[in-house]
4 protein chains.
Amino acid sequence: RTAHTLDDLARLAAGQLPADVWDFVQGGSGEDGTVLANRAALDSIRLRPRVLAEVAEATGYCRLLNAESALPLAVAPMAYQKMMHPRGEVDMALAAYEAGVPIALSTLSSRTIEDVCGTGAVVWFQLYWLRDRDAILGLVRRAERAGCRAVMVTVDVPVMGRRLRDIRNRFAVPEEISAINLPPVMRGGGTAAKPGTSAVAAHTGAVFDPGMGWSDLDWLREVTDLPLIVKGIMDPEDADRAVSAGADAIVVSNHGGRQLEGALPSILALADVVDAVSDRCEILFDSGVRSGTDILRALALGASGVLVGRPMLWGLAVDGARGAARALEILRVELEFALALAGCPNVLAARRLDATVVPG
Amino acid sequence: RTAHTLDDLARLAAGQLPADVWDFVQGGSGEDGTVLANRAALDSIRLRPRVLAEVAEATGYCRLLNAESALPLAVAPMAYQKMMHPRGEVDMALAAYEAGVPIALSTLSSRTIEDVCGTGAVVWFQLYWLRDRDAILGLVRRAERAGCRAVMVTVDVPVMGRRLRDIRNRFAVPEEISAINLPPVMRGGGTAAKPGTSAVAAHTGAVFDPGMGWSDLDWLREVTDLPLIVKGIMDPEDADRAVSAGADAIVVSNHGGRQLEGALPSILALADVVDAVSDRCEILFDSGVRSGTDILRALALGASGVLVGRPMLWGLAVDGARGAARALEILRVELEFALALAGCPNVLAARRLDATVVPG
Amino acid sequence: RTAHTLDDLARLAAGQLPADVWDFVQGGSGEDGTVLANRAALDSIRLRPRVLAEVAEATGYCRLLNAESALPLAVAPMAYQKMMHPRGEVDMALAAYEAGVPIALSTLSSRTIEDVCGTGAVVWFQLYWLRDRDAILGLVRRAERAGCRAVMVTVDVPVMGRRLRDIRNRFAVPEEISAINLPPVMRGGGTAAKPGTSAVAAHTGAVFDPGMGWSDLDWLREVTDLPLIVKGIMDPEDADRAVSAGADAIVVSNHGGRQLEGALPSILALADVVDAVSDRCEILFDSGVRSGTDILRALALGASGVLVGRPMLWGLAVDGARGAARALEILRVELEFALALAGCPNVLAARRLDATVVPG
Amino acid sequence: RTAHTLDDLARLAAGQLPADVWDFVQGGSGEDGTVLANRAALDSIRLRPRVLAEVAEATGYCRLLNAESALPLAVAPMAYQKMMHPRGEVDMALAAYEAGVPIALSTLSSRTIEDVCGTGAVVWFQLYWLRDRDAILGLVRRAERAGCRAVMVTVDVPVMGRRLRDIRNRFAVPEEISAINLPPVMRGGGTAAKPGTSAVAAHTGAVFDPGMGWSDLDWLREVTDLPLIVKGIMDPEDADRAVSAGADAIVVSNHGGRQLEGALPSILALADVVDAVSDRCEILFDSGVRSGTDILRALALGASGVLVGRPMLWGLAVDGARGAARALEILRVELEFALALAGCPNVLAARRLDATVVPG
Ligand SMILES: Cc1cc2nc3c(=O)[nH]c(=O)nc-3n(C[C@H](O)[C@H](O)[C@H](O)COP(=O)(O)O)c2cc1C
Ligand SMILES: Cc1cc2nc3c(=O)[nH]c(=O)nc-3n(C[C@H](O)[C@H](O)[C@H](O)COP(=O)(O)O)c2cc1C
Ligand SMILES: Cc1cc2nc3c(=O)[nH]c(=O)nc-3n(C[C@H](O)[C@H](O)[C@H](O)COP(=O)(O)O)c2cc1C
Ligand SMILES: Cc1cc2nc3c(=O)[nH]c(=O)nc-3n(C[C@H](O)[C@H](O)[C@H](O)COP(=O)(O)O)c2cc1C
């Protein structure tokens, strides 16, 4: 059963994962309205191909965050990947390493930072804002020492979104899996869920600091020299402010539809942020990328690259590092087709493509 | 069977109420086209979240009509609540009281004004324009004496909408339930329905005055010192005129899709009315609110709060005061999530959010 | 089985008519795409109700073509009504007479002009442009003598639309029914259909003149003093030219979706025509009117009235004059509701309502 | 089983062709998203008919590429027509000849150029850019000698689109069929497909030159005096450049949705290209034309004619030359209806029609 598309991988993964884990992966906040809206909006972006562009060598090879990348994409940070596969984030990193793309490693990783960096992959450490400032500092230092190439601070999770699938399932991460990089008291492994919430949400509520503000970003900028990526920006003013605060990159994202129910599809937020930032920092995009054409859509609207979330988990679930590699391989092939067929020899050319919203 | 959303409550209520009562509650005018359009329009309003806004204490606490309210919402006035539960409006008021939000009490209440005010809730008395001017005055005086905090005059029911479900069911309110606050001759309890109409419509036609005009509003403004809320305004010119006539608040509403078939979804009327009024009075919104995100949508478009209709009846039907309280509790939780995730520490901040129509 | 809406009548008629006759009535050109588009466009027109407008006497009473009419509507001209009911156009006219509205009588009427005028109804004679100029003149003179109050010349049938249902059914009008008012050689009763066409289309092709031009309209204007209605205009320039040619009224219409496949929904053509004409003549609207709200939509967009087509046939099929009367009665009730609920005491007020397109 | 529409022909062909051949014909790139978008966009173009236009002789007769044509259409170039019918392109050309319209003959034709030209049809030779420049020159000279009237160079296939149906089917052209006009080593007949690709794509990849650029077009313009048609342009700048390079005609096309997944529907690209070119060369349109109304849509948006693709294959599959002729006959009849009903005596008039996008 060869997977030719990421959706093929989704079908395979759905057949393999426990139902509540599948729901945890797929679900969004509320009744998944924003997940669906993300997809509908991406489909509505129609590209105007160029021709006679000498695309024999069309390639996604590019620079991302001042480093070379085989593709304009990074693996999105995602918690608890051991739920997908026993080797979890390490296998995910192996796949990224093989494919030559960066991987963002979640604060809620179920494998140690060191093990993941040991794969040789370009690792960006994703930081959730913990109530305990020392714990944050500890993570940053550890990431620096382990060789992470950037800190990606996620700013759209003051609290975890209200995800009905998890609430209905009273979802809890299996006991043997936990946020291994956090100090033991904060790991929350095996927390049982109470009615009306999930254990994951309860854990998040206990350790994340909903009071995070712009001054915290200033503090973070001070304490580390690593490049700083701010993930979860949708508003041009916030983007502008993040740049002023020293961000090297911004991720335009609505967290894959998992946070604010009713949020604007993030692809519809991209162009305004690009305008506001006007090249002062890099702009990445995520939420709903499912094909090489989607990557091209984001590039055409001004992103320098994308993060890919759930599809990477599908691949990991299906076949560990090989499955995750398959996901990246599909995206590489599709992107090369899309670039060539749109008349773009490279990523730079793609950023000059014309994109039009054609409602559905 | 815990209800996690208002729609969960709807399902529970649907399983419990007689079919014709359910139809009376759910139905709109014609084939429910405006009910559906209200919902589609709300879903099309997409919000652009802000970040790093220090939302640890995100709260819906606010002022509504110059009084404190735990949430930017009031229970909408709805007739004959004893059809939902034997204790009817009294239980509804108890839930509102517990939750710290106002309740609007219908002219067609099936419990006495005094009993309802006795719960301690903040009660706004909703007035339908009766053919008998003395009866109106009597109701207003009685509301004043009972301690109601405002008069809410509903202006979008010169006649009752042509509700096909009720007509097809020849719907009549059960004999033992009636508009207890009206003079006995006007109560219309137990009226039987003739073909082509419902008993409810027949009763309304007999006692409501379709001739109501602006001068009647002036008269009402004269006869009472209570704050005046004008409910059912969709047009900016009418809004302007209502303000000039002394309205303290306006409710932008199409009566939950129950009056003019083919009416503009009321959420699409909100922004124009807000512009026309420009802070000269408060603006509430109703028709289709089903979640905390919907409340946030209305706030972002300039409302200072919303009325919630049918969902409160679902709660009441399911479990009396406790069920109604559950509805309010769900809304409180959802609104707090929505505020925090949109980067709004409070209701005021929410009114500066960016909202975009993304057709669906 | 009481019909509460025109769609109820449709269901009843569908159960009664032979399938091919039903198809002839319901069908449009091609695969009915324009029929559906007409309906979708009407549904997308959302009205903004006004309030406190003293609507106790809200009424559709108005002037149409310089005569009084109980409602801002006329029965559309429709061919061969004996297929619906043995008494055909005479019963239709009786219903119109009772309801106090005009009826347009088709060139292809299956009852004589004289019989129809004998009902006392206000009759407008609908003229198709025949290849034989003398035959046209003969019809006009006969209409004048019989007391018709206007000539309505239909300009959107140079050829009959390509109606696939009829073609697939090889539809032919039953032998005993024919265009009784035409000279015998032109009646075409009982013509059999050849593959790839219908007998109705073949007949039309034989007797209608596709070469009709503006000079023919001038000629018609010369030969009769009756008010002239030009039916089937969609373009503002054509409207302007029709006014210059002496039209007293224009019908904005795409012939109920039966002529040009892919035509603009006629409701979306209305406003431009109204602008171009700016009160120089009356503007009627048809194609898809199915409720009082639809009439209000057309009025709000500037029409002075509408023609109602298929629903009148449904009524006639169900119960002759009484069924047709029922259709008109439903429309009267619905329109009065719509007027009152939109805050329009009369038709004139309706023409100042705000209407917005909200795509679906 | 008479076919009255092209879709009737599709149904007949689907019942006759092997499933994988059907998929090869129908499929687009990816999951056919662009195929569907092409159709939805065409349906959304609504035409405003004109009246009283003296359309007795309404005709599609026109000039295409400086020659007379019975209809404003040509048969699109399509590979390997022997898969449809043993006589393949020769029968297709016979049908075109009978109908008096040009046919474009694919580089991947399965019948010889000479045999096809022998039918007497007006043949345009479609050129794919081969890696071997001599082979190109050889084809052009052969086309000139055989009497082709134009060279149509297809510029939107630097690589073949990623067509999932073919990939899933591991589609290969049957062994006995090949690109007979290519030098034997390039014919690729009977190539077997490897996983993840189709044999057709593999063959294309081997012989087509993805490096084609604007200078190659200059070279082509130099080496032949035949009129030059550039097929597959979607961008106004590219159109402008093609005109400057000496193109006599441009085909606005997204290759029937078979190339860039996510491409703009080509009908939505047409108007901009027409503007950019402003009569400096002819503009043809393709991708999704399925009826006479679709042709009228393209004309109204400024095209001078269309190419028709898949429907011609359906006809050929159903009944060889007769089936293909039936497809053209249906289009002729439909176009004449459309012209007459839109008030256009001829193709020129059609180009002045008003066309509006009505989503939905
Ligand atoms: C199961 C799952 C876990 C996630 N965990 C994190 C996380 O720990 N940190 C974070 O910043 N984002 C997290 N995200 C969000 C992703 O980084 C990314 O923004 C989102 O998945 C992109 O949308 P997509 O899944 O549609 O590609 C998670 C997403 C999923 C699906
Ligand atoms: C069963 C029912 C009874 C109602 N009765 C009244 C009423 O007596 N007075 C009034 O002003 N509005 C009445 N309304 C309208 C509500 O106050 C409110 O405008 C509407 O329900 C809001 O829409 P929602 O139900 O979608 O929240 C009623 C609505 C319902 C559903
Ligand atoms: C069965 C049928 C016959 C018709 N015959 C005529 C006719 O003879 N003359 C004419 O001008 N219009 C004719 N029409 C068009 C109507 O006058 C009118 O324009 C159209 O039906 C309006 O659309 P509606 O049916 O959706 O209301 C006919 C329509 C139908 C459905
Ligand atoms: C089976 C098939 C084979 C095709 N082969 C060619 C080809 O050899 N050369 C070319 O320029 N276009 C080719 N095309 C594209 C057509 O010329 C044309 O652009 C497209 O089919 C138009 O869309 P339609 O099929 O919706 O009418 C092919 C299309 C199909 C469906």
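No value in this document is a laboratory result; all are computed from the given coordinates. All values derive from a computational prediction rather than experimental measurement. With ideal geometry, Cβ positions are generated from the backbone for all residues, glycine too; neighbour counts draw on all protein chains shown.
Observations, loosely collected:
- Net charge of neighbours whose Cβ lies under 9 Å from the Cβ of B:GLN81, counting Lys and Arg as +1 and Asp and Glu as -1: +1
- Nearest-20 debye value, chain D charge dipole, Cβ charges on Lys, Arg, Asp, Glu: 640 debye
- Other-chain or far-sequence residues with amide H under 5 Å of A:LEU64's (modelled H): A:SER69
- For segment D:40-98, alpha-carbon Rg over 2.2 N^0.38 Å: 1.62
- Evaluating 6.51 cos²θ - 1.76 cosθ + 1.60 at θ = phi - 60° for every residue in segment D:168-178, the Karplus couplings come out as 5, 7, 6, 5, 9, 5, x, 3, 6, 10, 7 Hz, glycine and proline recorded as x.
- Along each principal axis, taking the top coordinate minus the bottom one, the Cα set of segment D:215-331 gives 42, 31, 28 Å in descending order.
- Summary of the geometry: segment A:118-134 and segment B:136-176, compared by the centres of their Cα atoms, lie 60 Å apart.
- Only one residue of A:PHE285, A:SER178, A:VAL243 has its Cα farthest out toward the positive end of the dipole of chain A, where Lys and Arg carry +1 and Asp and Glu -1 on Cβ, and that residue is A:SER178.
- Relative contact order for chain A, counting Cα pairs under 8 Å that sit 6 or more residues apart, in percent: 27 percent
- Counted over chain D with a bin width of 20 Å, the fraction of Cα pairs per bin, in whole percents, is 32, 62, 6, 0.
- Size of charge dipole - segment A:1-153 - debye, nearest 20, with Cβ of Lys, Arg +1 and Asp, Glu -1, no other charges: 300 debye
- In chain B, the beta-carbon sitting nearest the axis that superposes B on A belongs to the residue given here with its distance in angstrom, B:PRO359, 4.
- Using C-alpha pairs under 8 Å with a sequence gap of at least 6, the mean separation divided by the residue count of segment C:10-128 gives a relative contact order of 18 percent.
- Sum of -39500 (n - 2.57) over DSSP H runs of 4+, divided by residues of chain B (222 nm, nearest 500): -12500 deg cm²/dmol
- Think of chain A as having a plus end and a minus end, set by charges on the Cβ of Lys, Arg, Asp and Glu; of A:LEU228, A:ASN254, A:MET92, A:MET92 sits farthest toward the positive end of this dipole.
- Sorted shortest first, the separations between the C:ASP115 label point and its copies elsewhere in the assembly read 6.5, 6.5, 9.3 nm; each point sits 7 Å from Cα along the Cα-to-Cβ line.
- Under the Debye formula (equal points on every Cα, no solvent term), log10 I(q)/I(0) of segment B:1-144 at q = 0.10, 0.19 Å⁻¹: -0.48, -1.35
- Kirkwood analysis of the protein assembly as shown, using all unique Cα-Cα pairs, places the hydrodynamic radius at 35.0 Å.
- Comparing segment B:237-276 with the 2.2 N^0.38 Å rule of thumb, its C-alpha radius of gyration ratio is 1.21 (two decimals).
- Evaluated at q = 0.10, 0.17 Å⁻¹: base-10 log I(q)/I(0), Debye formula over Cα of segment C:150-263: -0.36, -0.93
- Tilt relative to chain D, helix D:266-277 - C-alpha long axis, 0 to 90 degrees, to 10: 80 degrees
- Phi-derived couplings, Karplus 6.51 cos²θ - 1.76 cosθ + 1.60 at θ = phi - 60°, listed residue by residue for segment C:219-233: 4, 4, 4, 5, 7, 9, 9, 5, x, 10, 10, 9, 9, x, 9 Hz, with x used for Gly and Pro.
- Put simply, the amide H of D:VAL251, placed in the peptide plane, has neighbours under 5 Å in D:VAL230, D:LYS231, D:GLY232, D:ILE233, D:LEU284, leaving out anything fewer than 5 places away on its chain.
- Comment: the Cα-to-Cβ extended label point of D:GLU176, at 7 Å, lies 6.1, 6.1, 8.6 nm from its counterparts in the other copies, nearest first.
- Cα centroid of segment A:207-229 to Cα centroid of segment C:16-56, whole Å: 59 Å
- Among the listed pairs A:LYS82/A:LYS194; A:LYS231/D:LYS231; A:LYS82/A:LYS231; B:LYS194/C:LYS82, those beyond 32 Å (Cα-Cα): A:LYS231/D:LYS231; B:LYS194/C:LYS82
- In Hz, Karplus ³J(HN,Hα) per residue of segment A:23-36 (6.51, -1.76, 1.60; θ = phi - 60°; x = Gly, Pro): 4, 4, 6, 6, x, x, 6, x, 8, 6, x, 6, 4, 5
- Restricting attention to chain A, close to 25% of DSSP beta bridges with both partner residues there are antiparallel.
- For segment A:119-221, a simple Cβ point-charge model (Lys and Arg +1, Asp and Glu -1, everything else neutral) yields a dipole of about 240 debye relative to the Cα centre.
- Pair B:VAL333, C:LEU36: separation of 7 Å Cα→Cβ label points (nm): 4.2 nm
- DSSP assigns beta bridges within the protein assembly as shown; of those with both partners inside it, close to 25 percent run antiparallel.
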